[in-house]
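The values are calculated or read from the model by the stated rules, or taken from the named source; none is laboratory data. Nothing here was measured: the structure is a model prediction, and the numbers come from that model. No Cβ is skipped: glycine too gets one built from the backbone with ideal geometry, and neighbour counts run over all protein chains shown. Surface accessibility is based on the protein's heavy atoms, side chains included, excluding ligands, DNA and RNA. Shrake-Rupley method; radii C 1.70, N 1.55, O 1.52, S 1.80 Å.
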Amino acid sequence: MSIFLIIAAITLLLDWYVFSGLKTFTADWQSPRSRQVVQYGYLLISVGVTVLFLLGFGSFSTAQGMRPFHEYMLSLFITFFVTKIFFVIILSLGDLGRFLVGIFNHIGKSGAQTVSYFPERRKFISEIAILVAAVPFTGFMYAMLRGKYDYKVHRQTLYYDDLPDAFDGFTITQLSDIHSGSFDSTEAMQRGIDMAQSQKSDLFVFTGDLVNNAAWEIEQYIPNFSQLRAPYGQFSILGNHDYGDYIQWDSESEKAANLDKLKEHHKDLGYRLLLDENVEIEKDGQKISLIGVQNWGRGFIKVGDLNKAMRGVDKDAFKILLSHDPTHWEEQVRYNPIDIHLTLSGHTHGAQFGVEVAGFRWSPVQYRYLDWAGLVNEKNRYLYVNRGFGFLAFSGRLGIWPEITVITLKKKAATA
């Protein structure tokens, strides 16, 4: 409660300062009614968003975690908060400038002359503040209304000397981080499923976080995600959210039962859930090994056992590992004595916010994860980090769009 009160106090102070800027912006308007509509209309909307946010989280239940309503209220609050911050920064710089001008004008003036330390605020500063603040506001609103379902297909072709000939051109479609408890549009979500299925890949893999917390979150979407089929099968692993660690359970047995139920739902979806185990994918008499570990992540749950998952795998076999958290690859896979050719991960979501343009990439998540999106190569051991299909907490995506990954394996031509 104290945290919420502090948040409310900060936002109200920001609202007061923005309101003063809007008064400057509308000061020369001829119509008093128009001035009031802009000034008090802003206050009504902004304060209303804050109140809804506080009321929404006042009803938050640790037994269920964040629902789409909570995520949407949080996202609206963040949108307005960031917008106000940008507005206030520009306006405060302008106020600092006029204060310095006031001091300069005051120096050397006689006592009989009255000189204000704060000359009148100029309207153009408020206009600049509005224009600057409109950028994050527009971006965040797009992220919430369209961006979170703006699915992109990322394609990678990987070349290997020791790829079995039969698998030359073999394709894999990867999804990760569905977070089914966050969806608020089945129709929009279905477009992503249709895009994934239309890739017609040989193999489908899912790399964890089917739900936010509870097994029931995926139940209404089983008919949708069970449409994903591939000639050589559908395989999946668990992510950190699948274990139910982020909500309160009445007992450990209830939590365990939830995990058991979620595992059954993988079967309902038609996915073979790999729990520290491996399977062989055979094509034209040749084989590759597909290995799946439970979640192992730095700073998160560490139950995955790579050694157990590798039991029975020929050391010379071509190996593909499914491991939810890319820090597992960083710490246990890339320098492992046994060569694992390709690791497919997810987890980071790319923070659902960032910039990826013309070879330039930035996201705040890069300060937490060394490898946070796309392809990484360490001495011909590859890691691919999927940006995630769904979203969590912030009900939107901006710049880091939801991803469908298509990997093509190719046999590297022998050199003369």
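I'd like the accessible area for Tyr17, computed on protein heavy atoms only with a 1.4 Å probe and all protein chains in place. Round to 10 Å², please. Only protein atoms counted, so the area is about 40 Å².
Work out the FRET efficiency for Val47 and Lys123 from their Cβ-Cβ distance, taking R0 = 25 Å, and round it to the nearest 0.05.
0.55
Taking a span of 15 Å or more along the helix axis (Cα atoms) and a mean Kyte-Doolittle hydropathy of at least 0.0 as the rule, the DSSP H helices of the chain that qualify are 2-25, 32-58, 68-106, 123-145. Cross-link partners of Lys410 among aspartates and glutamates, defined as those whose alpha carbon lies under 12 angstrom from its own and excluding same-chain residues fewer than eight positions apart: Asp161, Asp162, Asp165, Asp168.
If R0 is 45 Å, the Cβ-Cβ spacing of Ala413 and Arg368 corresponds to a FRET efficiency of close to 0.70. A simple packing score, the average count of other Cβ atoms within 10 Å per residue, orders the peptides 221-229, 314-322, 389-397 as 389-397, 314-322, 221-229, with the highest score first. Only helical runs count toward this figure. For the chain, summing -39,500 (n - 2.57) over DSSP H runs of n ≥ 4 and dividing by all residues gives -12500 deg cm²/dmol at 222 nm.
What's the center-to-center distance, using Cα atoms, between the range 317-382 and the range 284-301 in Å? If you average the Cα positions of each part, the centres end up 14 Å apart. For the chain, just say rounded, prolate or oblate: build the C-alpha gyration tensor, square-root its eigenvalues into a ≥ b ≥ c, call rounded for a/c under 1.5, and beyond that prolate if a/b exceeds b/c, oblate if not. Prolate is the answer for the chain, as a/c is 1.5 or above and a/b outweighs b/c. Solvent-accessible area assigned to carbon and sulfur over the chain amounts to 59 percent, based on a 1.4 Å probe.
Only protein heavy atoms count here; on that basis, with a 1.4 Å probe, Thr171 has an accessible area of about 30 Å².
In this structure, the residue pairs whose Cα-Cα separation is over 19 Å, taken from Lys148/Lys255; Lys283/Lys308; Lys23/Lys123; Lys283/Lys319, are Lys148/Lys255; Lys283/Lys308. Ranked from largest to smallest solvent-accessible area, with a 1.4 Å probe on the protein heavy atoms, Lys200, Lys411 come out as Lys200, Lys411.
According to the square roots a ≥ b ≥ c of the eigenvalues of the Cα gyration tensor, what is the shape class of the range 143-209, taking rounded for a/c under 1.5, prolate for a/b larger than b/c otherwise, and oblate for the remainder? Prolate shape, in that a/c is at least 1.5 and a/b is the bigger ratio.
Let me make sure I get this right: for the range 246-370, a, b and c are the square roots of the gyration tensor eigenvalues over alpha carbons, sorted descending. Under 1.5 in a/c it's rounded, otherwise prolate if a/b > b/c, else oblate. Which is it? Cα axes put the range 246-370 in the oblate bin.
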